[in-house]
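**Student:** One structure is given below, represented as structure tokens, and several questions about it will come after.
The values are calculated or read from the model by the stated rules, or taken from the named source; none is laboratory data. Bear in mind that the values here come from a model prediction, so they are computed numbers and not experimental data. Here the Cβ positions follow ideal geometry from the backbone for every residue, glycine too, while neighbour counts run over all protein chains shown. With ligands, DNA and RNA removed, areas are computed over all heavy atoms of the protein, side chains included. Shrake-Rupley method; radii C 1.70, N 1.55, O 1.52, S 1.80 Å.
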Amino acid sequence: MKKEKVSASQFTILVILFVLGSSILYLPALVTSVADQDAIFSAIIASICGGLLAFFYAKFGTLFPTKSYIEVIKATVGVKIGFPFILITFSYFVFLCAVLLWDIGDFMITQILPGTPIQSIYILFLAVVVYVTRLGIETIARTGEIFLPWISLLFGALILLLLPEVDWTNIEPIFENGLKPVLYGSYHMIGFPFIEMFILLMFTPYIKNSQHLPKAFVIGLVIGSIVLTTLIAYCVLILGSGITTRQEYPIYVLGKKVSIGNFLERLEIIVAIMWIISIFFKLTLTFYGLCLGMAQFLNLQEYKTISFPLAIFIYVATLIFFPSSIYLKEYSQYASTPFIITVGFILPGIIYGIAKWKKKKKSSP
């Protein structure tokens, strides 16, 4: 395969966009549903744990600077023993692609284009994702450099315009139900989106200088977590934990609260633009990682040849996996986090431990 290269700063941008992804719209309701007004503290604790995860993934990537995650599994335990690891990993890639595609379709037909067949939204977005994936990681990284300043500008404008609406009494009483709900909220946020960062291990071989990988991973995580924590705090302080929990898209509702002099109002489109851009990058990186990993597992010369078949498979999987938003909400609350912890932390931890042991054994006299 053609070896493309991205700089450490470009990789940092990809980490930021990946962490934001679908989290901008869905995370506040998920965290407040268990932590109530203490969701802010859940976000802070989860962000600290996310920093540790980012450091672990960076160490994983620097251990094999020229190999992707799938290639590391093959090199460490072999194809036969590593097959269950790879199969479970691919299953999560497919599932996450389907979740992200459903998120896009559901948001568009309920908020932006009501009455539009959701299948047409799926096809249009998948077509763009496949096209961008075939252009390569360099193109994706450069596109991220173009869009990140716009996301930063929109985020800053939203925060400033909503500042007069903040009501600090909404955070009271602090720790009303003790520490357990706070930790449970952190548990959900650690899984979504921080452990999902293991997908970015598919692209670590493309960084020009692997020594900068830890810094790129951690800085991207820190910036992304600051944005998410701020948005969760604003949801609690402006909408209140009760309304945030009941809303499917609380950040989108937050944008409707903007009112400056009865003239500048209803700026929820700011939230929509931020979310669509970030989730597009997350879906593209996940789909790209799936194509790349599948090609490496099958020893194909080019990943582009399987991009169209995999896109069709993702489209069908999305239609089958998610019959309704209620189904996905229940899955996210009870089953999603254990699944991602298994795939994104336990399995990489096992592979990392075996790889370190083998290297130590090989270097010892």
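**Student:** Given charges of +1 on the Cβ of Lys and Arg and -1 on the Cβ of Asp and Glu, with all other atoms neutral, how large is the dipole of the chain about its Cα centre, in debye to the nearest 20? Walk me through the numbers on the way to the answer.
**Tutor:** On the way: 25 positive and 18 negative charges, 410 e Å.
My answer is approximately 1960 debye.
**Student:** Then there's this: If you take the charge dipole of the chain about its Cα centre, with +1 on Lys and Arg Cβ and -1 on Asp and Glu Cβ, which of 46, 354, 11 is farthest toward its positive end?
**Tutor:** Among 46, 354, 11, the one farthest towards the positive end of the dipole of the chain is 354.
**Student:** Show that you can apply the helix-only estimate: for the chain, add -39,500 (n - 2.57) for every DSSP H stretch of four or more residues, divide by all residues, and state [θ] at 222 nm to the nearest 500. Walk me through the numbers before you get to the answer.
**Tutor:** Numbers: 15 runs with 256 residues, N = 365.
Helix contribution divided over all residues of the chain: -23500 deg cm²/dmol.
**Student:** Quick one: the Cα spread of segment 224-359 along its three principal axes, in angstroms, biggest first?
**Tutor:** 63, 36, 29
**Student:** Could you tell me the extents of segment 1-155's C-alpha atoms along the three principal axes, largest first, rounded to whole Å?
**Tutor:** Largest first, segment 1-155 extends 48, 40, 34 Å along its Cα principal axes.
**Student:** Dividing the convex hull volume of the Cα atoms of segment 73-115 by its residue count, what figure in Å³ per residue is obtained?
**Tutor:** Details: hull volume 2.5 nm³, N = 43.
Cα convex hull per residue, to the nearest whole number: 59 Å³.
**Student:** So, one more: So what's the angle, to the nearest 10 degrees on a 0 to 90 scale, between helix 347-363 and the longest Cα principal axis of the chain?
**Tutor:** Helix 347-363 sits at roughly 40 degrees to that axis.
**Student:** On a 0 to 90 degree scale, rounded to 10, what angle separates helix 307-321 from the longest Cα axis of the chain?
**Tutor:** The answer is roughly 50 degrees.
**Student:** Roughly how many Å² is the accessible area per residue of the chain, as a whole number, for a 1.4 Å probe? Mind showing how you got there, number by number?
**Tutor:** Values: 15630 Å² over 365 residues.
Counting only protein heavy atoms, the per-residue value for the chain is 43 Å².
**Student:** Let me ask something else. For the ranges 92-98, 43-49, 170-176, what's the packing order if you count other beta-carbon atoms within 10 Å of each residue, average per peptide, and put the highest first? Please list the in-between numbers first.
**Tutor:** Values: 92-98: 22.6, 43-49: 20.1, 170-176: 12.3.
In decreasing order of mean packing, 92-98, 43-49, 170-176 become 92-98, 43-49, 170-176.
**Student:** Go through 132, 121, 151 and say which Cα lies farthest out towards the positive end of the charge dipole of segment 101-168; charges sit on Cβ, +1 for Lys and Arg, -1 for Asp and Glu.
**Tutor:** Going by the Cα projections, it comes out as 132.
**Student:** Taking square-rooted eigenvalues a ≥ b ≥ c of the alpha carbon gyration tensor, is segment 110-159 rounded, prolate or oblate, where a/c under 1.5 means rounded and, failing that, a/b exceeding b/c means prolate? Could the numbers behind the result be given before it?
**Tutor:** Details: a/c = 5.57, a/b = 1.12, b/c = 4.95.
Because a/c hits 1.5 or more and a/b fails to exceed b/c, segment 110-159 counts as oblate.
**Student:** Nothing charged except the Cβ atoms of Lys and Arg (+1) and of Asp and Glu (-1): what's the magnitude of the dipole of segment 245-365 about its Cα centre? Round to the nearest 20 debye. The partial results should precede the final answer.
**Tutor:** Values: 13 positive and 5 negative charges, 164 e Å.
Using only the charged Cβ atoms, the result is roughly 780 debye.
**Student:** Which order do peptides 320-328, 276-284 fall in by mean Cβ count within 10 Å, highest first?
**Tutor:** Details: 320-328: 12.3, 276-284: 23.6.
Final packing ranking: 276-284, 320-328.
**Student:** With the cut-off at 18 Å, tell me which of the pairs 256/282; 67/356; 3/304; 5/74; 74/358 have Cα atoms farther apart than that. Write out the running numbers ahead of the final one.
**Tutor:** Values: 256/282 25 Å; 67/356 15 Å; 3/304 14 Å; 5/74 23 Å; 74/358 14 Å.
Checking Cα-Cα distances, 256/282; 5/74 exceed 18 Å.
**Student:** Continuing with this model, one more query. Tell me, what is a quarter of the convex hull surface for the C-alpha atoms of segment 76-152, in nm² with one decimal? Walk me through the numbers before you get to the answer.
**Tutor:** Details: hull surface 30.6 nm².
For segment 76-152, averaging the hull's shadow over all directions gives 7.7 nm².
**Student:** Let me ask something else about it. Hey, what angle do you get for helix 118-135 against the long axis of the chain, alpha-carbon based, 0 to 90 degrees rounded to 10?
**Tutor:** 50
**Student:** List, largest first, the extents of the alpha carbons of segment 304-345 along their principal axes, each in whole Å.
**Tutor:** 36, 29, 9
**Student:** What do you get for trypsin sites (Lys or Arg not before Pro) in segment 1-63 restricted to DSSP loop and a cutoff of at most 13 other Cβ within 10 Å of the site's Cβ?
**Tutor:** Details: sites: 2, 3, 5, 59; in loops: 2, 3, 5.
Of the trypsin sites (Lys or Arg not before Pro), the ones in loops of segment 1-63 whose Cβ has at most 13 other Cβ atoms within 10 Å are 2, 3, 5.
**Student:** In the chain, carbon and sulfur make up what percent of the accessible area (probe 1.4 Å)?
**Tutor:** Numbers: 10610 of 15630 Å².
Within the chain, the accessible surface is 68 percent carbon and sulfur.
**Student:** Using θ = phi - 60° and the Karplus curve 6.51 cos²θ - 1.76 cosθ + 1.60, what whole-Hz ³J(HN,Hα) does each residue of segment 248-254 get, with Gly and Pro shown as x?
**Tutor:** Here the 3J(HN,Hα) series is 6, 10, x, 5, 5, 5, 4 Hz.
**Student:** Write down the Å³ per residue value for the convex hull defined by the alpha carbon atoms of segment 205-269. Don't jump to the answer; show the numbers that get you there.
**Tutor:** Details: hull volume 9.5 nm³, N = 65.
For segment 205-269, the hull spanned by Cα atoms encloses 146 Å³ per residue.
**Student:** Same structure again: Enter the accessible area of residue 33 (Å², nearest 10), with the probe set to 1.4 Å and all protein chains included.
**Tutor:** 50
**Student:** Working from the alpha-carbon coordinates of the chain, get Rg over Rh, Rh being the Kirkwood radius. If you can, show how the numbers build up before the last one.
**Tutor:** Numbers: Rg = 20.4 Å, Rh = 21.0 Å.
Over the Cα atoms of the chain, Rg/Rh equals 0.97.
**Student:** Over the Cα atoms of segment 1-50, what Rg and Dmax result, in angstrom?
**Tutor:** For segment 1-50, the Cα radius of gyration and maximum Cα-Cα distance read 15.5, 50 Å.
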